Each structure stands twice: as structure tokens, then as C-alpha cells.
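S.K.: So that we are looking at the same thing, I have put the structure below in C-alpha cells.
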Amino acid sequence: MRKLTYFIACSIDGFIGDPSGDAQAMYPFVDEEFLAFLKEEYPETISTPGRRAMGLDHLPNRKYDTVVQGRVSYDIALEMGVTSPYAHMREYVASRTLGESPDPNVTVVSEGLLGTVRALKAEEGNGLGIYLCGGSALAGELIDEIDELVIKTYPIVLGSGMPMFGSGFAVGEFTLGEVRTFKNGAVVRTYDRKR
């Protein structure tokens, strides 16, 4: 069984962006040290255009070979003219309104998202898992399928905004794994779901 990992950036108070979902306040914390960590541990989470701009196209996928993202996250790429933001992986976009995919590498899932994710998790493994890229509503919809959390917490407080999980109240327990701290105050914590 392949793992579904919610790999997400957030503020100290648990928001992944301002009320509209804009996360630009977190960008300054992706400094040289933090970027070196991403390149070494999670290079596939850097978008294909980002990898190309930094000369990182040669880096192999280390953790994931598939990405699932919501329409709002995907729209950020589309607004920049990028139809396949993670071309180095299989891409799935959950959207009830997008219609036909604008790119042959992107599969639009308009119905049966839960079944699609369960089928991806049940695939024969090659040692790589599934990267849940966001956003909040998608994570809330798939919360029971999430096996691992990798939370990149930046040292800012937003006060209000888009929560990490756009879902109703329910207690889900996870076990703390690795914790990594950075000079700029960022912390990356890994959690495994207790089953």
C-alpha cells in the first residue's frame, strides 16, 4: 500500500495562506538552507518550472511519483501559463468545474475522488508514494486517507486565513516522527497516522 502524504507549508497558527489562500508571506523563509533541504529530501515537491529555473531537472524523485492537487492550487500554475506544474510526476487535479484537462500529463478527477485516491494507494509500489499538494478543501475531503503529514511551519502568525484542513470537527491521531529545525526559525515535522 502506497502512502498519501500531505506535504504542506503553514504558519505557527496553522494557516496555509491568508483568507484567499495566498501564501506569499511564507516565501521569504525558503532561504538557501531550506532550499538545500528540499533539494536533498523532497526535490519532486519543487515545481517543474522551478526545477528548470534552478537547474535541478536531473534530480530524481525521492519520495513521490504522483501528485494530487486541488483546483485552486492548480489555478496558480494555469495563471502563469503552466498546464503541467509537476511534469516530473503523474498529475491528478481534483475539480468539479475544470472539465477537460488542458494537458495530456494532467488527469482531471471530477467525480469519484476518494475511489481514485484509494486506487492510487493500492497500486504496486516502486517505493514512492503520493504527494497531496493541497489545498485546504481537498485535504479536508481526503483527511481519512492521509497516512503521513510533512508540515513545514514558518515562524509567522497570520491570525486568520485558510486552514490546513477545510473539514468538519473530527479527531485524528498521528505519531510524531522526524523534526528538523532551521536557522531562520522554520521547523519541518513529520507525522504518521495512528491506525
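The values are calculated or read from the model by the stated rules, or taken from the named source; none is laboratory data. Since the model is a prediction, treat every value here as computed from it, not as a measurement. Glycine also receives a Cβ, built like all others from the backbone with ideal geometry; neighbour counts cover every protein chain displayed. Accessible surface is based on the protein model in full, side chains and every heavy atom, while ligands, DNA and RNA are left aside. Shrake-Rupley method; radii C 1.70, N 1.55, O 1.52, S 1.80 Å.
S.K.: Out of (1) open to solvent by 30 Å² or more (accessible area, probe 1.4 Å); (2) out of contact with any Pro (no Cβ under 7 Å at 6 or more places or on another chain); (3) in a loop (DSSP other than H, G, I, E, B), what's the single condition that is false for ARG118?
M.R.: So ARG118 meets the others, but not (3).
S.K.: Also, I was wondering about something else. Just one of the numbered conditions (1) in a loop (DSSP other than H, G, I, E, B); (2) aliphatic (A, V, I, L, M); (3) modelled with pLDDT of 95 or more is not true of ILE130; which one?
M.R.: So the condition that ILE130 fails would be (1).
S.K.: Of GLY172, GLY168, GLY127, which residue is out of contact with any Ser or Thr (no Cβ under 9 Å at 6 or more places or on another chain), at positive phi and surrounded by fewer than 15 Cβ atoms within 10 Å (Cβ to Cβ)?
M.R.: Selected residue: GLY127, the only one of GLY172, GLY168, GLY127 that is out of contact with any Ser or Thr (no Cβ under 9 Å at 6 or more places or on another chain), at positive phi and surrounded by fewer than 15 Cβ atoms within 10 Å (Cβ to Cβ).
S.K.: Closer than 21 Å to ILE16 by Cβ, free of Cβ contacts under 8 Å to residues at least 40 places away in the same chain, crowded, with 18+ Cβ neighbours inside 10 Å and of a type in the set (A, V, I, L, M): does that describe VAL93?
M.R.: Yes, satisfied.
S.K.: Which one of these does GLU124 not meet: (1) assigned to a loop (DSSP other than H, G, I, E, B); (2) more than 21 Å from THR5 (Cβ to Cβ); (3) charged (D, E, K, R)?
M.R.: That leaves (2) as the condition not met.
S.K.: Which condition number does ASN184 fail, the rest of (1) crowded, with 17+ Cβ neighbours inside 10 Å; (2) part of a loop (DSSP other than H, G, I, E, B); (3) at pLDDT 95 or above being met?
M.R.: (1)
S.K.: Now, a different point. State which residue is surrounded by the most Cβ atoms within 10 Å (Cβ to Cβ) when the search covers only segment 1-48 and only residues that are of a type in the set (S, T, N, Q) and over 19 Å from LEU128 (Cα atoms).
M.R.: SER11
S.K.: Still on this model: Counting just the residues of segment 175-189 that are out of contact with any Ser or Thr (no Cβ under 9 Å at 6 or more places or on another chain) and of a type in the set (Val, Ile, Thr), which one comes out farthest from TYR6 (Cα to Cα)?
M.R.: THR181
S.K.: Looking at the structure I just gave you, is ALA137 small (Gly, Ala, Ser), closer than 23 Å to ALA23 by Cβ and assigned to a helix (DSSP H, G or I)?
M.R.: Numbers: small (Gly, Ala, Ser): yes; closer than 23 Å to ALA23 by Cβ: yes; assigned to a helix (DSSP H, G or I): yes.
Yes.
S.K.: Given the conditions (1) surrounded by fewer than 19 Cβ atoms within 10 Å (Cβ to Cβ); (2) touching a helix residue (DSSP H, G or I) at 6+ places or on another chain (Cβ under 7 Å), report the number of the one that GLY177 does not fulfil.
M.R.: (2)
This table checks each residue for (1) closer than 18 Å to SER136 by Cα; (2) of a type in the set (Ser, Thr, Tyr); (3) without any contact (Cβ under 8 Å) to a residue 60 or more places away in the chain; (4) open to solvent by 40 Å² or more (accessible area, probe 1.4 Å).
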site: TYR64; (1), (2), (3), (4): no, yes, no, no
site: VAL68; (1), (2), (3), (4): yes, no, no, no
site: SER73; (1), (2), (3), (4): yes, yes, no, no
site: PRO85; (1), (2), (3), (4): no, no, yes, no
site: THR97; (1), (2), (3), (4): yes, yes, yes, yes
site: PRO102; (1), (2), (3), (4): no, no, yes, yes
site: SER110; (1), (2), (3), (4): yes, yes, yes, yes
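S.K.: Okay, next question. Within segment 135-165, can you find the residues that are among the hydrophobic types (A, V, I, L, M, F, W, C), touching a residue at least 60 places away in the same chain (Cβ under 8 Å) and open to solvent by 40 Å² or more (accessible area, probe 1.4 Å)? It would help to see each step written out before you state the result.
M.R.: Initially, segment 135-165 is screened for residues among the hydrophobic types (A, V, I, L, M, F, W, C), giving 137-139, 142-143, 146, 149-151, 156-158, 162, 164-165.
Of the ones still in play, those that are also touching a residue at least 60 places away in the same chain (Cβ under 8 Å) are 137-139, 142, 146, 149-151, 156-158, 162, 164.
Within segment 135-165, ALA137, VAL157, LEU158, MET162 meet the criteria.
S.K.: Moving on to the next point. Going by what's in this entry, would THR153 be described as in a helix (DSSP H, G or I) and among the hydroxyl-bearing types (Ser, Thr, Tyr)?
M.R.: Values: in a helix (DSSP H, G or I): no; among the hydroxyl-bearing types (Ser, Thr, Tyr): yes.
No.
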